[in-house]
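This report refers to the structure that appears directly beneath it.
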Amino acid sequence: MSFLIFLALFNGILISLSRILNARLGLHIGALRSSFWNHLVGFLFLIPVVFYFNRFSFAQNLQDIPLYAWTGGALGVVFVWSSSWLIPKLGLTQSTILVIAGQMIFSSVLDFWIGKIDSLVPALVGTLIIIAGVLLGKRRPS
Amino acid sequence: MFTDLHVPKIYTIFAFLSGGLLSLMILINGKLALHTDSSWSSLTAHFVGIPFSALLIGLWVQKEDTSRNESPPLWSFMGGLFGALTVILAATTFNSSLGVSGTIALSLLGQTLLSLIIDSKGWFGVAQRTIHRNDIFQLIFILVGSCILIFWAR
């Protein structure tokens, strides 16, 4: 169990590492080009991984997949681009705070819309606490 | 060390909105992963991203902010590697006793802790920033709020 906990923590560590490395690359070649490299390197890395897990068997039933499912890659390009652009301006901590806040609130609103929220009161309380956390950033002590 | 008390609000708004973009991306890639598996979904997402970003590079005529004129260090190209790795790792812990909720909550914690360290020490040469007490309070609010959403709202 504690190994699983470590893996999940490490997951977060890898995310932050990935973002700061892309931000650094963006300082040299621009955030958009950094996003390009992020996707190219990630793709090359994943080829042997996918081969190991399913030997590209999914290439056979591509026609069954709804078209919008392919747009995730485009959204990812824009996200990594914005992330690499914003991190030097906001710092990694502020950027992380805001991205998490946006993520959690947006996904909760979406879940509410599709009826996946079972308990409305905790959802509202959690959302308000997150919003309060974001707004705390406006009152920077001198 | 420098403080960043006067960051234009537009950057804050963009960062917050990008979080929404991220959750939409996770939703869509997750749907693809249901039809296939998570490694294939990630491979596809990265694959689509290559020509799409190349297209945007061709279209985006405005010069981007670049403050470093020397060649980028080799390690700065490794962001894509760690990003792809997180997907594989997440798939492992999602299917364990930790579940999706536990994975996400701990991942958020790992992210925020490392970001504090990286910022305060100025690692990777992006910027060194003083961590204010306010930042810690913000993080506590975000993490507590997120945990309530993750564990009690669904």
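The values are calculated or read from the model by the stated rules, or taken from the named source; none is laboratory data. Owing to the predicted nature of the structure, the values given are computational and were not obtained by experimental measurement. Every residue, glycine among them, receives a Cβ derived from its backbone with ideal geometry; neighbour counts consider all protein chains shown. Ligands, DNA and RNA are stripped out before the accessible areas are found, and what is left, the full protein with its side chains, is counted by its heavy atoms. Shrake-Rupley method; radii C 1.70, N 1.55, O 1.52, S 1.80 Å.
The distance linking region A:63-99 with region B:1-76 is 4 Å (Cα centroid to Cα centroid, whole angstrom). For region B:61-70, the Karplus equation 6.51 cos²θ - 1.76 cosθ + 1.60, evaluated at θ = phi - 60°, returns couplings of 7, 5, 6, 7, 5, 9, 9, 10, 9, 7 Hz by residue, with Gly and Pro reported as x. Diffusion of region A:6-142 by Stokes-Einstein, at 4 °C in a medium of 1.567 mPa s and with Rh set to the Kirkwood radius over alpha-carbon pairs, works out to 73 µm²/s. 3J(HN,Hα) along region B:8-21: x, 4, 4, 5, 4, 5, 4, 4, 4, 5, 5, x, x, 4 Hz, from the Karplus curve 6.51 cos²θ - 1.76 cosθ + 1.60 with θ = phi - 60°, whole Hz, x for Gly and Pro. Against the empirical curve 2.2 N^0.38 Å, the C-alpha radius of gyration of region B:49-136 lands at a ratio of 1.45.
Please work out the FRET efficiency for the pair A:Asp118 and B:Ile10, using the Cβ-Cβ distance as r and a Förster radius of 35 Å; give the result to the nearest 0.05. E between A:Asp118 and B:Ile10, to the nearest 0.05, is 0.45. Once you reduce region B:90-154 and region A:1-29 to the center of their Cα atoms, the two points are 11 Å from each other.
With Cα atoms as the point set, chain B shows a radius of gyration and Dmax of 18.1, 50 Å. The alpha-carbon of B:Lys9 sits under 28 angstrom from the alpha-carbons of these lysines, leaving out residues fewer than 8 places away in its chain: A:Lys89, A:Lys138, B:Lys63, B:Lys121.
Here the accessible area of region B:1-120 is 72 percent carbon and sulfur, with a 1.4 angstrom probe and all protein chains present. Among the protein heavy atoms of chain A, carbon and sulfur supply 71% of the accessible surface, probe 1.4 Å, non-protein parts ignored. The Stokes-Einstein estimate for region A:39-94, based on a Kirkwood radius over Cα pairs and taken at 25 °C with 0.890 mPa s viscosity, is a diffusion coefficient of 176 µm²/s. Model label points for A:Leu135 and B:Arg154, set 7 angstrom from Cα along the Cα-to-Cβ axis, are 2.7 nm apart. Only Cα pairs under 8 Å and 6+ residues apart enter the sum, and on that basis the relative contact order of region A:1-108 stands at 38 percent. The residues of the protein assembly as shown expose, per residue, 48 Å² of accessible area to a 1.4 Å probe.
Average projection, convex hull of the Cα set of the protein assembly as shown: 15.7 square nanometres. Put simply, chains A and B cover up around 10200 Å² of each other's accessible surface, both sides summed, when a 1.4 Å probe is used. In percent, rounded to a whole number, the relative contact order of region B:9-154 is 14, using alpha-carbon pairs under 8 Å and six or more apart. Value of Rg to Rh for region A:69-117, rounded to two decimals, is 1.08; Kirkwood radius and Rg both from alpha-carbon coordinates.
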